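Structure first, then comments.
The values are calculated or read from the model by the stated rules, or taken from the named source; none is laboratory data. Since this is a predicted model, take the numbers as computed values, not measurements. Because the Cβ atoms are built from the backbone with ideal geometry, glycine has one as well, and the counts that use them run over all protein chains shown.
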Amino acid sequence: MSQLQTLRGMADQLPTGINSWQQLEAIAREHMRRACVSEIRTPLLEATELFARGIGAATDVVGKEMYTFNDRGDRSCTLRPEGTAGVVRAAIQNGLLSQGPQKLWYSGAMFRYERPQAGRMRQFHQLGLEFLGFNEPRSDVEAIVIAWDLLMDLGLKELKLELNSLGNKADRLNYRNQLVKWLEQHQNQLDPDSQERLQTNPLRILDSKNPNTQELLKTAPELVAALCPESLERFEQVQLGLIALQIPYQLNPRLVRGLDYYGHTAFEITSAALGAQATVCGGGRYNGLVEQLGGADTACIGWAMGLERLVLLMQNQSSTTAAAPDLYVISQGEKAEAIAIKAARELRQKGHRVELDHSGAGFAKQMKRALKSAAPFALLIGAAEASSGKLQLKNLQSNSSELVELNQLAGLLGI
């Protein structure tokens, strides 16, 4: 019988590498706690219409990449390809916005049928932040600051913040008309994907990864020239806020989100350590999405980070080895094994990390495993210790031993 394998683009997270994930998640959770951002959890499976309306039927995500199927009730369902639409749907459905502005964050698996590559699988994980009901430029700054400080705290290097403004709806329509007119004059020089987007979503051409198209776009009209005075003033306030907090940024006139509901601030944080797939965080203001999904007109800004890419960077730039146990418990014999599991339980209840050896091997083999675990102490329980109630606590660094009672252990570990 053949051995079963994971599907292409799906990956196991094994114990040897999980510490980086746990470290990332713990740091992210702490940053959200400090910023008073509340966690929200939404289903992996949603109605397909949510993403068709929320992301846009003309996008590659909806048109080419979603895992979509009909369930037994003949309803079209989709494994979520991103987190924002589900969070907004949940906020509308559960009346959160009637309670005032919401600062929310989420973390979990997303699914896109695209070519697997380093740091991006078909099942991938995102951490996202959504500020719903906030319109002030200062809220844009706060959202960016939370992302920047989190990435810095993770120890990531070679970070760069790129910033742009997409203006208001009238600005974008004005710019879209200018851009389409220019692109039509150079249509035969565009790559095939960009030629297709010219008819459906021309702003996305600015984000093309084709080097020839990028070279051509250097002479295209820039969006900033189409911004009205109010949009320019708003963008300047965002920049001044970042300058005041000493967060370096670069203006990138080609940075777009390409969906109709995005406007004003757009940003990306990249790391040169990732090579071509450099983006670790992308975000922007999406004031039109809540209304597009059936809610009231609501100002929003948010961002998302790909966790696989962050884990890659963390593993490349620092050592994230699994934490050693505080104590390794060795036992042999029925009475000794009963005492061993009791000792392990009591110490774990007091907050200690305790590894209990279940092998039943000789003391020498168990001791080798204790040394390999890097625990500072080992507790040895044999027939003599089981009878006397005096357990042997061995300091694996100094190689010294002492006999102790069970109720003394927690204090003697000194941890």
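Confirm whether residue 216 is among the hydrophobic types (A, V, I, L, M, F, W, C), free of Cβ contacts under 8 Å to residues at least 40 places away in the same chain, surrounded by 12 or more Cβ atoms within 10 Å (Cβ to Cβ) and in contact with a helix residue (DSSP H, G or I) (Cβ under 7 Å, 6 or more places away or on another chain). Yes. Only one of 149, 140, 153 is assigned by TED's automatic domain parsing to the domain that holds residue 297 and in contact with a strand residue (DSSP E or B) (Cβ under 8 Å, 6 or more places away or on another chain). Can you tell me which? Checking each option against the conditions leaves just 140. State all residues of the stretch 112-126 that are modelled with pLDDT of 90 or more, outside any loop (DSSP other than H, G, I, E, B) and not hydrophobic (A, V, I, L, M, F, W, C); if no residue qualifies, say none. Matches in the stretch 112-126: 123, 125, 126. Quick check, is residue 139 farther than 30 Å from residue 25 by Cα, among the polar types (S, T, N, Q) and surrounded by 15 or more Cβ atoms within 10 Å (Cβ to Cβ)? No; evaluated as a whole, the condition is false for this residue.
Can you tell which of 47, 52 is crowded, with 18+ Cβ neighbours inside 10 Å and either out of contact with any strand residue (DSSP E or B) (no Cβ under 6 Å at 6 or more places or on another chain) or modelled with pLDDT under 95 (or both)? Steps first, answer last, please.
Numbers: 47 fails: crowded, with 18+ Cβ neighbours inside 10 Å.
Of 47, 52, the one residue that is crowded, with 18+ Cβ neighbours inside 10 Å and either out of contact with any strand residue (DSSP E or B) (no Cβ under 6 Å at 6 or more places or on another chain) or modelled with pLDDT under 95 (or both) is 52.
Restricted to helices (runs of 4 or more DSSP H) entirely inside the stretch 176-271, those with at least 3 residues that are outside the structural domain of residue 146 (by TED's automatic domain parsing) and modelled with pLDDT under 90 are 192-200, 211-217.
The set of residues in the stretch 219-247 being crowded, with 18+ Cβ neighbours inside 10 Å and over 30 Å from the mean Cα position of the chain (by Cα) consists of 226, 227, 231.
Residues of the stretch 312-352 being assigned to a loop (DSSP other than H, G, I, E, B), under 34 Å from the mean Cα position of the chain (by Cα) and modelled with pLDDT of 85 or more, which ones?
From the stretch 312-352, those assigned to a loop (DSSP other than H, G, I, E, B) are 318-326, 332-333, 350-352; that's our starting set.
Among the residues that remain, those that are also under 34 Å from the mean Cα position of the chain (by Cα) are: 318-326, 350-352.
Result: 324, 325, 326, 350, 351, 352.
Taking every residue in the stretch 366-390 that is over 21 Å from residue 408 (Cα atoms) and pairing it with any residue that is surrounded by fewer than 16 Cβ atoms within 10 Å (Cβ to Cβ) and hydrophobic (A, V, I, L, M, F, W, C), at least 6 positions away or on another chain, the pairs with Cβ-Cβ distances below 8 Å are 373/324; 374/324. Filtered by the rule that a residue be acidic (Asp, Glu) and exposed (fewer than 15 other Cβ atoms within 10 Å of the Cβ), the stretch 160-187 gives a lone residue, 184. From the list 11, 85, the lone residue that is surrounded by 12 or more Cβ atoms within 10 Å (Cβ to Cβ) and assigned by TED's automatic domain parsing to the domain that holds residue 281 is 85.
What number of residues within the stretch 188-203 satisfy the criterion of being of a type in the set (Ser, Thr, Tyr) and surrounded by fewer than 17 Cβ atoms within 10 Å (Cβ to Cβ)? Number satisfying all stated conditions: 1. Residue pairs whose Cβ atoms lie under 6 Å apart, sitting 6 or more positions apart in sequence or on different chains, and linking a residue in the stretch 287-311 that is outside the structural domain of residue 25 (by TED's automatic domain parsing) to a partner that is buried (at least 22 other Cβ atoms within 10 Å of the Cβ) and in a strand (DSSP E or B), do not occur here. Among residues of the stretch 104-120 that are within 24 Å of residue 272 (Cα to Cα) and touching a residue at least 40 places away in the same chain (Cβ under 8 Å), those with a beta-carbon under 7 Å from a residue that is outside any loop (DSSP other than H, G, I, E, B) and among the small types (Gly, Ala, Ser) at least six positions away or on a different chain give the pairs 119/306; 120/306.
Against the list (1) over 21 Å from residue 204 (Cβ atoms); (2) among the aliphatic types (A, V, I, L, M); (3) surrounded by fewer than 19 Cβ atoms within 10 Å (Cβ to Cβ); (4) under 23 Å from the mean Cα position of the chain (by Cα), the condition residue 97 fails is (4).
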